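The block underneath contains the structure these notes are about, expressed in structure tokens.
Nothing in this text is a laboratory measurement; each read-out follows from the coordinates by a stated rule. Bear in mind that the values here come from a model prediction, so they are computed numbers and not experimental data. Counting neighbours? That spans all protein chains shown, and the Cβs are built from the backbone with ideal geometry, glycine included.
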Amino acid sequence: MKIALIGSVLAFALGACGTSSTGTAGAPSAAPAPAVSPSDSSPSPERAETIFLDTTAVHLCAVQSRVYADPKELADAYASAPTYPQLTAAQVAAFNQRVTSDTAFATKLTDRVKSTCGSAPNQ
């Protein structure tokens, strides 16, 4: 079930992001981290979720926007982890687990990918 859910999210990401071919092969660059003040060292649970969803969506859109000559390069790019500003490794692991075990959270990610990448063109 976990594999199917991840596959569904990735398949949607591929479809939702269109088929831009202006990029080059290689790992996508991470989005710039927002400015963090010293008092913001531990975001609220809602803010942490937003950071995870936004960063993951930007990563998936960046991967989708490039052309990869080798399918392994594409798989490696999707598998690479973006940098999650303000989140600990434990928080990221927990969110990654939720993507595979929590349908509502996976739907949030799918919706965020769709809004970040834009809709696929009508054919």
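Details
- Here the calculated FRET efficiency for residue 69 and residue 41, from their Cβ-Cβ distance with R0 = 30 Å, stands at 0.10, rounded to the nearest 0.05.
- Spin-label pair residue 50-residue 101: with each label point 7 Å from Cα along the Cα-Cβ axis, the two points sit 2.6 nm from one another.
- Local net charge near residue 94, Cβ-Cβ under 13 Å (Lys/Arg +1, Asp/Glu -1): -1
- Net charge over other residues, Cβ less than 15 angstrom from the Cβ of residue 80 (K, R count +1; D, E count -1): -1
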